1. State the Cα centre-to-centre distance between region 160-234 and region 402-475 in whole Å.
2. Find the accessible area per residue for region 45-127; the probe is 1.4 Å, ligands and nucleic acids are left out, and the unit is Å².
3. Can you work out ³J(HN,Hα) from phi for every residue in region 257-268, in order, using Karplus 6.51 cos²θ - 1.76 cosθ + 1.60 and θ = phi - 60°, giving whole Hz and x for Gly and Pro?
4. Can you tell me the length gained on complete extension of the stretch His95 to Ile82, counting 0.36 nm per residue apart and subtracting the Cα distance?
5. Evaluate the distance, in nm, between pseudo-label points positioned 7 Å from the Cα of Glu110 and of Ser188 along their respective Cα→Cβ axes.
6. So what is the accessible area of region 133-292 per residue, in Å², with the probe set to 1.4 Å?
7. Extension gain Gln216-Ser405, at 0.36 nm per residue separation less the Cα-Cα distance, in nm?
Amino acid sequence: NRRKKKDDSILEIPSIPNPFPELCCSPFASVLSASLLPKATSRKKQVIKVYSEDDTSRALEVPSDVTARDVCQLLILKNHYIDDHSWTLFEHLTHTGLGRAIEDHELVIEVQSNWVTEEETKLYFRKNYAKYEFFKNPLSFFPDHMITFPSETNAALSHSGILQMFLSSSTYPEIHGYLHAKEQGKKSWKKLYFLLRRSGLYFSTKGTSKEPRHLQFFCEFSNSDMYMSLTGKKLSGAPTNYGFCFKPNKSGGTRDLKQLCADDEQSRTCWMTAIRLLKYGMQLYQNYMQPYQGRSGCSPLNITPMRSISENSLVAMDFSGDRSRIIENPTEALSVAVEEGLAWRRRGCLRLNSHGSPIAMSNMGMSIHRSQSWFHHKISREEAQRLILQHGLVDGVFLVRDSQSNPKTFVLSLSHGLKIKHFQIIPLEDDGKLFYTLDDGHTRFTDLIQLVEFYQLNKGVLPCKLKHYCARIAL
């Protein structure tokens, strides 16, 4: 009874209103509502430095979840470049002479976190026309003698079917062939028979035997990145110039590298492309089909492009009369364009040089090419090959340079069939006029611009048309 009387006295005490009802504990609600807490910002920003081919650089403040594609798109918009989906971020390890194109979906900050302080590493912004070329032309990337299909697969499988097998989760073609491997802790190289399977890269300890007891594991790819050797034989002492290697994430240096080299460019391209498809699979195809889709919020899906190269936005105009008019007839528009182009080249008017004296157009044609993006003044044959290799060994990648062996001639360096070929441009003088030719005078051009424009439209004596030029961009 005393206890009951005590409880009744407690209940009779008037209740004091709670000035902070939102802090009241409840079995159905937390003490602090999630809406009242400040939202934690997980996207911390960091500063990255990106270089261009002429060693100019630009510092960017980006969130932690920014992708390589997002950074490329940001630089494209800031520098008013045309986006043709071939721009890429390139990771260059200076001391070891290694480099790789960072995949569009990779997080840039995560890539930088794998850098070691002893190694000087840079990010480059450049074009890579071969980034997704294997989706367009798989025939050049997977030669028949290097691929074996599963036994249940039809032998007459098309090359588009090969890509479907690479992207499938159940089947995977076997890539096989000889590679030179650098022995761990030694300077010597050994030629071995390698096999690429879904579980990793193996080599045979007995010739070309594929029996499980003769196969030894070499490398897997989930915790390592694949790099191309940019210095060839110089640093690693490789037997050929077609080297590549696997570098574990956060490795200690060159001692952890697993180095390989192929006998030719086609073999190296096949191995590296197959390993990319094995490691990233369907993600590569999504990058190819949806180039603007990134993981971070700065993907500019709703940004209007600053420049358009659509031919549908160009209109043929006639300004010869008192009032301008639109030329709607396609035949008339084509004839006017051709006539105007010929008139510009054959115009007899004189132009003034820096001293005020007149010079003829024929003399000006001797140096007008120097302002073109595809012309590289005095670079060596090796430098030209390196530039083309950086832009991707796609048919039609080219540049024009001065000849080192003959100062009066020029050289057209062109990529075709995963090889770089060089063609000499010879100047000819006829009736006091200077011409340029690639075919011993059968086809003549008044200047190098006219020559390049012709071979961009016509194959002529070249193995393919000129499609993509190598340019040194600036940031």
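1. Between the Cα centre of region 160-234 and that of region 402-475, the gap is 40 Å.
2. That works out to 38 Å² for each residue.
3. 6, 10, 9, 9, 8, 9, 7, 8, 5, 4, 5, 4
4. Additional length available on full extension: 1.4 nm.
5. Taking the two extended label points, one gets 4.1 nm.
6. Per-residue value: 50 Å².
7. 63.1 nm
The values are calculated or read from the model by the stated rules, or taken from the named source; none is laboratory data. Everything quoted here is computed from the prediction, not taken from an experiment. Reconstructed Cβ throughout: ideal geometry from the backbone, glycine too, with neighbour counts over all protein chains shown. In case anyone asks, the SASA skips ligands and DNA or RNA and just uses the protein heavy atoms, side chains included. Shrake-Rupley method; radii C 1.70, N 1.55, O 1.52, S 1.80 Å.
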